[in-house]
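The values are calculated or read from the model by the stated rules, or taken from the named source; none is laboratory data. Treat the numbers as computed from the prediction; the structure is a model and nothing was measured. As a convention, Cβ positions derive from the backbone with ideal geometry for all residues, glycine included, and neighbour counts pool all protein chains shown. Heavy atoms of the whole protein, side chains included, go into the accessibility calculation; ligands, DNA and RNA do not. Shrake-Rupley method; radii C 1.70, N 1.55, O 1.52, S 1.80 Å.
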Amino acid sequence: MTITLITGANKGIGFETARQLLALGHVVYIGARDAERGEKAAATLGARFVQLDVTDDASVDAALATIDAAEGRLDVLVNNAGILADGNVDGPTALRAFDTNAVGMVRVTEAALPLLRRSSNPTVVTVSSSAGSFWAVTNPERPEFNLPLAIYSASKSAATMLTVQYAKSQPGIKFNAVEPGTTATDLTAAFGIGRTPQESARVVVRYATLDADGPSGTFQDDNGQVPW
């Protein structure tokens, strides 16, 4: 039985990742900041719920303590929670974006490490973005070239770098970042673009279900490794 925690999983890609991993037999914990929405999502899917705000140390620690008490280990962590941070480019917006998209990943990962070390095949997947790829944003043929999301892009660059550094410092645990593809979610509603969350969740699921000899320290999309 594979024990999995997905942050920000009450909707969008996180919700669909939970659905697909449940279908594969995982025990899935849906982490969500809003308890009412999270409990509703968990009930809809047949998953378990933990209140988890990635910007709050106490909330993160309590969520992992709950999983520890119930399961004694964690096999898969999906760092999915994120915000777009469009609109104003200013200090408060930047702090909020980095706190959620990058620092939040550190909070959850650090709290999860003791539980992951008890797994026979520990795996961490970070939902990042090619908007944070230097290669993509400097390539006029890529859609990211014209994407007006400076703070979001920078925070996702940080999330990808953190993933690579964790892979180096924690060789017994697989860490990979994924670009799920432009997805029609609440996050991208203003742009009116994207494929379904069901399609985008597939690449997350692929890297959440790697064999013990799977890759680590990579940034991947549907087509393979992404330059960044």
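Just a few scattered comments:
- Every pair of residues 6+ apart whose Cβ atoms lie under 8 Å, when the first sits in region 206-224 and is within 16 Å of LEU77 (Cβ to Cβ) while the second is among the aromatic types (Phe, Trp, Tyr): GLY214/TYR207; SER216/PHE175; GLY217/PHE175
- Residue within region 131-149 that is under 14 Å from the mean Cα position of the chain (by Cα) and either among the charged types (D, E, K, R) or surrounded by 17 or more Cβ atoms within 10 Å (Cβ to Cβ) (or both) present: no
Okay, residues lined up against (1) more than 16 Å from the chain's Cα centre (by Cα); (2) buried (at least 21 other Cβ atoms within 10 Å of the Cβ); (3) closer than 20 Å to VAL125 by Cβ:
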position: ASN10; (1), (2), (3): no, yes, yes
position: GLY25; (1), (2), (3): yes, no, yes
position: ARG33; (1), (2), (3): no, no, yes
position: ALA58; (1), (2), (3): yes, no, no
position: ASN101; (1), (2), (3): no, yes, yes
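- Cβ-Cβ distances below 8 Å connect no pair with a first residue in region 94-109 that is touching a residue at least 60 places away in the same chain (Cβ under 8 Å), a second residue that is basic (Lys, Arg) and open to solvent by 20 Å² or more (accessible area, probe 1.4 Å), and a separation of six or more residues or different chains.
- Cβ pairs under 6 Å, 6+ apart, first in region 58-82 and in a loop (DSSP other than H, G, I, E, B), second of a type outside the set (Phe, Trp, Tyr) and surrounded by fewer than 21 Cβ atoms within 10 Å (Cβ to Cβ): ARG73/ARG118; ARG73/SER119; ASP75/THR2; ASP75/SER119
- For region 217-228, a residue qualifies if it is of a type outside the set (D, E, K, R) and open to solvent by 50 Å² or more (accessible area, probe 1.4 Å), and the qualifying residues are ASN223, GLN225, PRO227, TRP228.
- Filter result for ARG37 (open to solvent by 70 Å² or more (accessible area, probe 1.4 Å), out of contact with any Lys or Arg (no Cβ under 6 Å at 6 or more places or on another chain) and at pLDDT 95 or above): yes
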